[in-house]
Amino acid sequence: MLRILVADKLAEEGLERLRRVDNVTFDVRIGLPPNELAACIGKYDGLIVRSGVKVTADVLAQPGRLQAIARAGVGVDNVDLAAATRAGVLVMNTPDANTISTAEHTIAMILALARHIPAACAELKSGQWNRAKFEGSQLAGKTLGLVGLGRVGRAVAARALALEMSVIAYDPFVQADPSLEGRVRIAKSLDVLLDAADYLSVHAVLTDATRGMIGAAEFARMKPGVRIINCARGGIIDEAALVEAIRAGRVAGAALDVFASEPPPEDSALLALPQVVCTPHLGASTIEAQAAVAVEAVDALLDFLLREQIRGACNVVGLPRWLSPPDRAYIDLASRMGALLASLCDQGIREVTLTTHGSSLAVLAPALARFASAALLAPYCNERLNVINVEEFARSRGIVLRHVGEPNAPGPTDRVSLAVEGGEQHTIHGTVFADLLPRILSIDDYPMNLVPAGTMLLIFNDDRPGVIGFVGTTLGNLGVNIADMALSRHADRALMVLRLDAPPPREAVQALQSGPSILSLRFAALPPNVSGAEP
Ligand code: 3PG
């Protein structure tokens, strides 16, 4: 039974989805402080959060059963990603689902600022009719400067263009924006944007690089009378510097949905300013966005916990968001190759290289390398090792993990090779045929064609007559059934790879080891089932 903790308010659509899945139970516990979350987190396989709960390194220090955290929303600055990675816990988000709602809220904030809507509303409700005081300004013809041109930035740009604003954007990762047909001017530097904007709206993630990026120097450079909007993350704008800039009359007003500390302190100087319009982090709080993020987060979490599919990963790179059936078959192959090769690597591992041969596999190489390495190194690691923390684990032990794409390799099918250097060198080749079953094509210099599954016994022997008979009889006498077998030879040596119905008893191993011409024996326990192509 999978156990999931919902630690933030999640829309009913998401909870309903959890209720409908067999073998899953969930608890909703909102507002847990970090120490209480830390105390219970290890009992759950999955955690669902929004921005309200802090998943700190202390919370993740004893991960217990926890395998994944799904963020129903975008920002994951409330989750310690490095700690999650170290703990082998996958962190996923739902990057698309609340884009439109956040963009619409941004536009609402811009209009609220331009037309003094909150203050005018409050005065009228208090019995005053003061039209002259609230004269606003038109948006058409004004310049909106966007700090960040990701999903939300683009959606805001499209809406601002419809309001006949000019839009300029600064994003170090965007050199041109074909999606808006060249109607957004791309600023070469933040300064260019600061010089141009009448309204400046932030659409960046909070990182060490963006924390405080709009501060006193930036306000000093902006056009007098500029208006500031932040519906992205508190902390990107230096709040103290904003207070000063508003008091000095340089900034005419600010509309803020997010704050450096949420909720902001009751005596906040920023909120006390009449020029500041504010909302309590409502950007994504619409019926539509909450239903969408809840469903997407639940689906992503269940896909990972039940089907090992990864999407929206935030703390691993190189894992594709969507895997086709052949991609999945190659991922499975890579894991099996890693597990099989691990049985040969008792002399230590210094360097692991996964090479893809063939054009269609090159893009999958980083993911294949992670899966293969995790299976290869897992027997040498006392803690949980998986595709999330394998790179971190290897780095901490000085093991080099490499992946290489050989898109123009000759041969009829795409292939994968996994090579290990350490005390000894070993290489294994594999592929996936049209039936989507994994095949091992060679182990070291021994060619073969074998489906790697279940209990695998590798027997290296001198290439002499009688060895096969001896192995078959020995296992048969002890009741061990052979399901499949590959024989291969190289120079005067041979390798026999047997797939057994069950792990052999100790007497069988002892008898085989002392047999004539047997050089060495290795075992690998692989997943038993190989699904292959749909019939
Ligand atoms: C996000 O990062 O998705 C938004 O800031 C929304 O946050 P919320 O889910 O806490 O409303």
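The values are calculated or read from the model by the stated rules, or taken from the named source; none is laboratory data. Predicted model, so just to flag it, every value in this text is computed and none were measured. When we count neighbours, we look across all protein chains shown, and the Cβ atoms used for this are built from the backbone with ideal geometry, even at glycine.
A search for C-beta distances below 9 Å between a residue of segment 283-294 that is among the acidic types (Asp, Glu) and any residue that is within 8 Å of the ligand (Cβ to nearest atom), counting only pairs 6+ apart in sequence or on different chains, returns Glu288/Asn98.
Contact map, segment 107-119: first residue at positive phi, second residue aromatic (Phe, Trp, Tyr), Cβ cut-off under 7 Å, separation 6 or more or different chains; pairs are His116/Phe134.
The residues of segment 252-281 that are among the acidic types (Asp, Glu) and within 14 Å of the ligand (Cβ to nearest atom), listed by number, are Asp257, Glu262. Regarding segment 156-171, can at least one residue be identified that is within 16 Å of Met222 (Cα to Cα) and either part of a loop (DSSP other than H, G, I, E, B) or modelled with pLDDT under 95 (or both)? No; the residues of segment 156-171 include none that is within 16 Å of Met222 (Cα to Cα) and either part of a loop (DSSP other than H, G, I, E, B) or modelled with pLDDT under 95 (or both). Can you find a residue that is buried (at least 16 other Cβ atoms within 10 Å of the Cβ), farther than 24 Å from Arg311 by Cα, of a type outside the set (Lys, Arg) and over 21 Å from the mean Cα position of the chain (by Cα) anywhere in segment 83-103? Among the residues of segment 83-103, not one is buried (at least 16 other Cβ atoms within 10 Å of the Cβ), farther than 24 Å from Arg311 by Cα, of a type outside the set (Lys, Arg) and over 21 Å from the mean Cα position of the chain (by Cα), which makes the answer no. In segment 334-345, the residues that are without any contact (Cβ under 8 Å) to a residue 24 or more places away in the chain never reach a residue that is in a loop (DSSP other than H, G, I, E, B) and not β-branched (Val, Ile, Thr) with C-beta atoms less than 9 angstrom apart, at least six apart or across chains. Determine whether Ala284 is touching a strand residue (DSSP E or B) at 6+ places or on another chain (Cβ under 7 Å), within 16 Å of the ligand (Cβ to nearest atom) and not in a helix (DSSP H, G or I). Considered against the rule, which asks whether it is touching a strand residue (DSSP E or B) at 6+ places or on another chain (Cβ under 7 Å), within 16 Å of the ligand (Cβ to nearest atom) and not in a helix (DSSP H, G or I), Ala284 comes out as no.
Of the helices (runs of 4 or more DSSP H) that lie entirely inside segment 307-411, those containing 3 or more residues that are buried (at least 22 other Cβ atoms within 10 Å of the Cβ) and touching a helix residue (DSSP H, G or I) at 6+ places or on another chain (Cβ under 6 Å) span 325-342, 365-377.
Here's a check for you: in segment 75-125, which residue that is among the small types (Gly, Ala, Ser) and not in a helix (DSSP H, G or I) is farthest from the ligand (Cβ to nearest atom)?
Going through segment 75-125, the residues among the small types (Gly, Ala, Ser) turn out to be 75, 82-84, 87-88, 97, 101, 103, 108, 112, 114, 119-120, 122.
The next check asks that each one be not in a helix (DSSP H, G or I); those that pass are 75, 87-88, 97.
Values: Gly75: 3, Ala87: 22, Gly88: 24, Ala97: 8 Å.
Filtering segment 75-125 for residues that are among the small types (Gly, Ala, Ser) and not in a helix (DSSP H, G or I), the one farthest from the ligand (Cβ to nearest atom) comes out as Gly88.
For segment 150-188, the set of residues classified as touching a strand residue (DSSP E or B) at 6+ places or on another chain (Cβ under 8 Å) and among the acidic types (Asp, Glu) consists of Asp171, Asp177, listed by residue number. In segment 55-82, the residues that are under 30 Å from Ile100 (Cβ atoms) form no Cβ pair under 7 Å with any partner that is aromatic (Phe, Trp, Tyr) and within 14 Å of the ligand (Cβ to nearest atom), whether six or more places apart or across chains.
Which ones in segment 176-208 are charged (D, E, K, R) and surrounded by fewer than 20 Cβ atoms within 10 Å (Cβ to Cβ)? Steps first, please.
Initial filter on segment 176-208 (charged (D, E, K, R)): 177, 181, 183, 185, 188, 191, 195, 198, 208.
Of everything in segment 176-208, those that are charged (D, E, K, R) and surrounded by fewer than 20 Cβ atoms within 10 Å (Cβ to Cβ) turn out to be Asp177, Glu181, Arg183, Arg185, Lys188, Asp191, Asp195, Asp208.
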